[in-house]
Amino acid sequence: MLPLHKHDKEYRGPGLIGKITGWMRLIFSEKTSRNIFMFLLLNLSFAFVELSYGIWTNSLGLISDSFHMFFDCTALLAGLAASVISRWRSNENYSYGFVRAEVLAGFVNGLFLLFIGFFIFSEAVERLVEPPEVRHERLFLVSVGGFLVNLIGIFAFQHGHNHSHGGGGDHGHSHGGHGHSHGLGFEENNHKDHGHSHGGDHGHSHDSHGHSHEPKQNASQKQIMQGVFLHILADTLGSVGVIISSGLIHYFGWMVADPVCSMFIAILITISVLPLLRDSIGILMQRTPRELDDLLPGCYQRVSQLEGVYSVQEPHFWTLCSEVYIGTIKLEVSAKADSKYILSQTHSIFLQAGVKQLYVQIDHAMM
Amino acid sequence: MADYGDNILPKHAIYRGPSSTAAVYIGLLIVAKILRGVGLFLAYDLLKLIPVVLFLFVLKAGATIPLVLLQKPFSSGKPITKNQWFRITRHAFVGCILGVLWMFGLSLCGPLRTILLYEHSDILVIAWGSTLFTNSGASPAKIRGAVCFLVAVIALLLFDHDEKLDNLSDHDSDHRHHNILTYMFYHVINIVGWSDHKGGVVLLFLTLCLNVGYNSAAKKLSVDVGGAKRLHSLSSLIQAMILGPWAYIVSSASDSQVSWISMIFPLALIILFVFIFDYYIEAVSVVHIQATKTAEYGAYAMFGGALFLALTWNHPYTATMTSMNKLQEIITEDHVLSAGVVFSLGAFVLATKILLGPVRSNKGNFIGYSMDGMPMYSFTRDALQQTSQSLVMHLKHSLKQVLEDNDSRKIFYFLCINLCFTFVEMIYGVWTNSLGLISDGFHMLFDCSALVMGLYAAMMTRWKATRIFSYGFDRVEVLSGFVNGLFLVVIAIFVFSESLHRLAEPPEIDTNRLLAVSVIGLLVNMIGIFAFRGSHGHSHGGGHGHSHGGGHGHQTSHHQSHNTNMEGVFLHVLADTLGSVGVIISSLLIENFGWNIADPICSLFIATMILLSVFPLLKETSCILLLRCPSDMENDISEALNKVLNLEGIVSYRDPHFWFHTSSKVFGTLHIHISPDGVEQKLISQVSAILKDGGLHSVTVQVEKDEYFQHLSGLGANLDQNSTNFPLLNFDKSNSVKAV
C-alpha cells in the first residue's frame, strides 16, 4: 500500500531550455508576475546603463550605486520567485500548497525595508553630526533617472491597484525605488551620493497573491493595497527628496539638507512598512484573522444555539494566505443530537463569515 | 455630587469643541509664548554684560512694580497672618534660587536649549514622572511619550556638538569664576569632563524638575493666601528684596562699566515679555481652554518660535533691529544650531503631544452619570485585562520571567556580557579618540539587537494562548529563528561584497589595538558559544521543556526537535566568533608578513562560512512557516493514516493536513468518511489516539456520513470550491473520495 502521488511534471521540463521556457510561461501567464518581471527588467537595464557609464567615466560612485541597484533588484527577484512559487500545486508534504510563499516574501521584503530604513537613519544621524562634502555633479542626473523609473513603477502598479479590486491579485511589489543605498556597509563611496534614488525597489509581493481562483477580493485587500501604494509613494518622495536636497546643496550650499532628507525618507519607509510587517507576522503566527475578529463571536453563538450543541471548544481560526481562512473547531453535543444537521449548519454559518475550510469535530457528551 | 441637578455637570466634564473664543485665546497664547521666546533671546544677550544675580534682581524688581500695581496684594483681599508671611518668604527664597539657576543655565546653554529644556509645563513633567515612576497613568502610549522625552534630553546632552561655544567658554571662563555658585559648578563640570553647555543642560533639567515640585508645593499656599496671582506678586516682591543685597555685593565686586541707559529698553521688554505678559495670558488661557491644551499649544508655540528665532537671530536684519538698542557689540555668533538640537526639538514636540494627549482606554470610556450622579465608565477588554504597571514594575516582572527559563536566562546573561564589553569598548574608544573602536562598538550594539530579539522571542513563546492567537505564541520562536537567519545572510552578503571591493584595492589597515579588541571579543563570544552549545546539544535529548508542555511524555516520535530560536542565536554568536578569529589571523598576517590581502580573503572565507551555516536554519524555518508536513514524520503519518483506514466503520478520509506548528509541535486536521452504522464518538477517539501515537500534538477530526455529502451537494458549491482551491491530497488514490 504505497502512497502514490503525482508530480507536477508539466512545470518542470526536462532540459534547461524547457525549464526556462516553462518558467517564462509561468511568469507571463499572470499579471502580477508579468508586471514584476517587466519592472525587474527595467531596473536591471537602468542599473546596467549606470554601471557601464560608471566604468566608462571611471566614477566609483556610479559603479557602487549600480551595485546597490543590483542588490535592490534581488528583492524584486524574491517577489517574482514568490509569485511563481505560490502557484505551485500542493503536494503531500506541503498539503496546503505554497500559497504562503507570498506572505513569507512580503515579510522578508518588509524586513529588508526595515533594515534599510534603519541604516539610512543611522547614517543620516552620523552625517548630521558632521556633514560630509557631497559631490553632486552626477548625482542629480542619476536621481532624476531613478525618479522616472519610479514613476513608471508607480503607474504600472497603480494600474494594477485599481484592477486588483476586479479580482486580479496583482501587483506585487512595489514600485521602484528609492534608493536608499546608503547604508549597509559600503562606506565611503556611496556616501557621496547617497541619494541614488534610482529605481531600486523591493518588491513586496506580499499580499498580492495572485491566485485568480480567489473570487472575492474585498475591502480588506483594499487596505493592504493602500499600504503598498503608500509605500511606493514614500519611495518616490524619497527620490524627490534627493532631487530637492541636491538642488539645495547646489544652490545654497546647505549641506544639512542631505541628511535631513534621508532621515525623512527613512522615517517614511519605516512607517510605510510597519503595517505590512504587522499583517504578515500575524499571518505567519496563525493569528485569528483580523477581519473575522468581529464576526467570530457571533458565529460561536449561533453554533451553540443549534439544537443539541452544548458548547464550542478549541476554536482555532487562521489565515492561510490573504483572504483564505481555515478553521478547526470542536463541538460538544448531546448524545442524541443529529450530527449531520449540526455539521452542515456549522459549515454554512462559518461559510457566511468567510471561512472556507472548516474542520468540525463533533464530540458526543457521555451522559 | 448630590448637588448636581438633572443634567448639570461640572463644567470641565463637558467637552467643548473649539469655538471661536477658544481660537482667540489660543492665538493670544501663541503670541505670548513667542514673545517670551524673544524675551529670553534678549535676556541671553544681556547676560553677557551683566552678572546673573544682578540681572535677575533687575528683572524681579522691574516685574514687581506692575504686578503689585495690578494685583494690589496689600490693599485687597484678606489680611495675611504671620505664619503665611513666613511661608511666602520661604516660597520666595526657593523661587530665588531656582531663578538664579535658571538664568545661570541660560547663560551657559544659550536661549534655544534653555527654552527646549525649561519651558515645559508642570502638567507635562508630572505626567512624565508619574509614567516612569508610579503605577498610575502608565499606558503604553504614555510610556512611549516618556521615553521620547528622555531621548530628547539625552540627545541634547550627547549629540549636540556646540563647538563654537566650547571655544568661547575657554576664553571667558576665567572671568566668570567670580562667585561661589559658579565656582562650584565649574568644579563639578571639570570633574565629569563635560563642556559648559552640557553641564548647563543637566543643570536646567534638574532645575525644571525642582521647579515643578516647587510649583505644586506652592498650590496650597496660594489657596491660603487668596489666589495664585496674589501669591505671585507678593513672592516676586520678596524675591526682589532678597536678591537686592546679593546683587549689590556682586555689582560692587565686579568692575563692569555698563551703560544702564542703553539697557533700559531691552530690560523693559524682557520684563514685559518674560514675566508679565506671559504670566497673565497663560493664566487666562488655562481658564478658557483646557489646561492640557494650554500646555500643549504653548509648548508648540514656544519651540517653534525659538527655532525660528535661533535661525534668524544672528541674521543681519535682526542685527539691525537689535542695533537700535546699541547692543551690537555683544552679538557674537555662538550656540550654533546643531542637528542634535533639531532632533531633540522634534522629540520634545512628540513627547509633548503624546504625554498631554487624551488618555485612551486606560480607565474605560466615560459614558455618563448614574442616577446618584456618580460617573460611569465602560471598561473595554484591555482595561480589564491589562493592569497598568509602571515601567519599573514592568521591568522587574519581565526580568523575573526571563530568569525563570533556562534558554532565556542564558541569552540574557550573554547579552549582559556583550553589552558590558560594548560599553567598555566605546568608552575606551571615546577616551582614546579612536574612531575604529567607536564604530566597532556601534557594530556590536547592533549585533546585540539579534540577542534582544532572541530573548524577547524566548519570553514570548511562554505566553498563554489568547483569543486572537488561538494557537499560542510558539511560532514566535520560528519567526525569530528565521529573522536571525535572514539577518546573518544580509551581513554575510555585505561582508562578501565589501571584501571583493577590498580585494580589488586593499586599503591600509591600522592594526594596533585591533588585535587586543578582537581577542577580547573572541573570548566573550567563546563564552556564548559554550553556553548556547549546551542548550543546543541538550535539545535533541528532548529537554527544554517549555515548548513541549506536558505532551512530551507520551510522544513516541523520533523527529528531532530543537529550538530554532536558540539555533538562530547560536549561529549569530558563531558568526561573530568566526569574525573575530578572522580578524586575529589576518591582523597577525598583516603585522608579521605585511600581507594586506589576507584581510579580504579572510572575510570572504568567513562570509562563505556564515552563509553555509545559516542555510539549514533558513530552510527549516521557512518550511515550517510554509506549513510543510514534517519530513521525518512522513512515514509515521502515512502509517497512521493506513491504520485509520483499517479501522472498522471507516470508509475513507480526505483533506489530511499536517503541519509543523513549531519545530517540535505538529498539528493536523482530517476528514473521515464513515459508514452509516459507524459509531462516531468511538471512531473519533480511535483516530485521534492513532494520530497522537504518530507524533501529532493536536488533531481535529471531522466525521462525515453519506447524508452529509448529499446535504452539502444540495447546499451548493462549497466543497467544489475547496477541492479546486486546494487539490485533494492523494495519499492513495483508492481511498480518496471526491466530495460529490
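Out of everything in segment A:281-325 that is of a type in the set (A, V, I, L, M), without any contact (Cβ under 8 Å) to a residue 60 or more places away in the chain and assigned to a strand (DSSP E or B), what residue ends up being nearest to B:Phe658 (Cα to Cα)?
Just the residues of segment A:281-325 that are of a type in the set (A, V, I, L, M), to begin with: A:281, A:283-285, A:292, A:295-296, A:303, A:306, A:309, A:312, A:320, A:324.
Those left that are additionally without any contact (Cβ under 8 Å) to a residue 60 or more places away in the chain: A:285, A:295-296, A:303, A:306, A:309, A:312.
Now narrow it down to the ones that are assigned to a strand (DSSP E or B): A:309, A:312.
Values: A:Val309: 27, A:Val312: 23 Å.
Restricting to residues being of a type in the set (A, V, I, L, M), without any contact (Cβ under 8 Å) to a residue 60 or more places away in the chain and assigned to a strand (DSSP E or B), the top hit is A:Val312.
Of everything in segment B:573-614 that's crowded, with 18+ Cβ neighbours inside 10 Å and among the acidic types (Asp, Glu), which residue is farthest from B:Gly441 (Cα to Cα)?
B:Asp599
Can you tell me which residues in segment A:311-354 are touching a helix residue (DSSP H, G or I) at 6+ places or on another chain (Cβ under 9 Å), more than 8 Å from chain B (Cβ to nearest Cβ) and of a type outside the set (A, V, I, L, M, F, W, C)?
Result: A:Ser311, A:Thr319, A:Ser322, A:Glu323, A:Tyr325, A:Gly327, A:Tyr341, A:Gln345, A:Thr346, A:Gln352, A:Gly354.
Those residues that are modelled with pLDDT of 75 or more and either closer than 25 Å to B:Gln84 by Cβ or assigned to a loop (DSSP other than H, G, I, E, B) (or both), I need them from segment B:238-263; list them, please.
Matches in segment B:238-263: B:Ile238, B:Gln239, B:Ala240, B:Met241, B:Ile242, B:Leu243, B:Gly244, B:Pro245, B:Trp246.
From the list B:Gly429, B:Gly454, B:Gly481, B:Gly485, which residue is under 23 Å from the mean Cα position of the chain (by Cα) and assigned to a helix (DSSP H, G or I)?
Just one listed residue meets the conditions, B:Gly454.
Being within 12 Å of chain A (Cβ to nearest Cβ) and surrounded by fewer than 22 Cβ atoms within 10 Å (Cβ to Cβ) is the filter; apply it to segment B:679-694 and report the residue that is farthest from B:Glu477 (Cα to Cα).
B:Val679
Could you tell me how many of the residues in segment B:615-665 are under 20 Å from A:Arg89 (Cβ atoms) and either surrounded by fewer than 17 Cβ atoms within 10 Å (Cβ to Cβ) or among the polar types (S, T, N, Q) (or both)?
4
In segment B:437-452, what residues are aliphatic (A, V, I, L, M) and either within 11 Å of chain A (Cβ to nearest Cβ) or closer than 21 Å to B:Ser518 by Cα (or both)?
Once the filter is applied, which keeps residues that are aliphatic (A, V, I, L, M) and either within 11 Å of chain A (Cβ to nearest Cβ) or closer than 21 Å to B:Ser518 by Cα (or both), segment B:437-452 yields B:Leu437, B:Ile438, B:Met444, B:Leu445, B:Ala450, B:Leu451.
Identify all residues within segment B:395-413 that are farther than 21 Å from B:Leu132 by Cα, in contact (Cβ under 8 Å) with a residue 40 or more places away in the chain, part of a helix (DSSP H, G or I) and of a type outside the set (Ser, Thr, Tyr); write none if there are none. Steps first, answer last, please.
Here is the first cut: in segment B:395-413, the residues farther than 21 Å from B:Leu132 by Cα are B:402-413.
Next, only the ones that are in contact (Cβ under 8 Å) with a residue 40 or more places away in the chain stay: B:402, B:405-408, B:410-413.
Next cut, part of a helix (DSSP H, G or I) only: B:402, B:406-408, B:410-413.
Scanning segment B:395-413 gives B:Val402, B:Asn406, B:Asp407, B:Lys410, B:Ile411, B:Phe412.
Listed here are the residues, each with its yes/no results for (1) buried (at least 19 other Cβ atoms within 10 Å of the Cβ); (2) at the interface with chain B (Cβ under 10 Å from one of its Cβ atoms); (3) farther than 26 Å from A:Gly110 by Cβ.
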{"position": "A:Leu268", "(1), (2), (3)": "yes, no, no"}
{"position": "A:Asp279", "(1), (2), (3)": "yes, no, no"}
{"position": "A:Thr288", "(1), (2), (3)": "yes, yes, no"}
{"position": "A:Gln305", "(1), (2), (3)": "no, no, yes"}
{"position": "A:Gly308", "(1), (2), (3)": "no, no, yes"}
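So, B:Arg628, is that one under 21 Å from B:Gly694 (Cα atoms), within 14 Å of chain A (Cβ to nearest Cβ) and assigned to a loop (DSSP other than H, G, I, E, B) or not?
yes
Can you say whether B:Phe494 is surrounded by fewer than 18 Cβ atoms within 10 Å (Cβ to Cβ), under 29 Å from B:Pro616 (Cβ atoms) and within 14 Å of chain A (Cβ to nearest Cβ), as far as the supplied structure shows?
yes
Contact list please: Cβ distance under 7 Å, first residue in segment B:660-678 and at the interface with chain A (Cβ under 10 Å from one of its Cβ atoms), second residue in a strand (DSSP E or B) and of a type in the set (Lys, Arg), pairs at least six apart or on different chains.
From segment B:660-678, the pairs are B:His671/B:Arg654.
So that you can scan it fast, the table gives a plain yes or no per residue for (1) modelled with pLDDT of 70 or more; (2) more than 14 Å from chain B (Cβ to nearest Cβ); (3) surrounded by fewer than 15 Cβ atoms within 10 Å (Cβ to Cβ); (4) within 30 Å of A:Val144 (Cβ to Cβ):
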site	(1), (2), (3), (4)
A:His7	no, no, yes, no
A:Arg34	yes, yes, no, yes
A:Phe46	yes, yes, no, yes
A:Phe71	no, no, no, yes
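What pairs come up if the first residue lies in segment B:464-479 and is within 7 Å of chain A (Cβ to nearest Cβ), the second is of a type in the set (Lys, Arg), and their beta carbons are under 7 Å apart, counting only those six or more places apart or on different chains?
Close Cβ pairs (under 7 Å, with a partner that is of a type in the set (Lys, Arg)) amount to B:Ile468/A:Arg287; B:Phe469/A:Arg287.
What's the total number of residues in segment A:24-39 that are in a helix (DSSP H, G or I) and either touching a residue at least 60 places away in the same chain (Cβ under 8 Å) or at positive phi (or both)? Show your work before the answer.
From segment A:24-39, those in a helix (DSSP H, G or I) are A:24-28, A:31-39; that's our starting set.
Now restrict to residues that are either touching a residue at least 60 places away in the same chain (Cβ under 8 Å) or at positive phi (or both): A:26, A:31-33, A:35-36, A:38-39.
Total meeting the criteria: 8.
Scan segment B:679-710 for residues that are in contact (Cβ under 8 Å) with a residue 12 or more places away in the chain and among the aromatic types (Phe, Trp, Tyr) and jot them down.
Of everything in segment B:679-710, just one residue is in contact (Cβ under 8 Å) with a residue 12 or more places away in the chain and among the aromatic types (Phe, Trp, Tyr), namely B:Phe709.
Assuming B:Pro506 fulfils every condition listed in (1) in a helix (DSSP H, G or I); (2) away from every other protein chain (no Cβ under 11 Å); (3) over 24 Å from the mean Cα position of the chain (by Cα) apart from one, which condition is it?
Looking at each condition in turn, B:Pro506 falls short on (1).
Answer with yes or no whether B:Ser713 is surrounded by fewer than 20 Cβ atoms within 10 Å (Cβ to Cβ) and at pLDDT 75 or above.
Considered against the rule, which asks whether it is surrounded by fewer than 20 Cβ atoms within 10 Å (Cβ to Cβ) and at pLDDT 75 or above, B:Ser713 comes out as no.
Among (1) closer than 22 Å to B:Phe487 by Cα; (2) buried (at least 19 other Cβ atoms within 10 Å of the Cβ); (3) among the aromatic types (Phe, Trp, Tyr), which single condition is A:Phe115 missing?
With (1) closer than 22 Å to B:Phe487 by Cα; (2) buried (at least 19 other Cβ atoms within 10 Å of the Cβ); (3) among the aromatic types (Phe, Trp, Tyr) applied to A:Phe115, the lone miss is (2).
The values are calculated or read from the model by the stated rules, or taken from the named source; none is laboratory data. All of these numbers come straight from a predicted model, not from anything done at the bench. Positions of Cβ are backbone-derived with ideal geometry, glycine not excepted, and every protein chain shown enters the neighbour counts.
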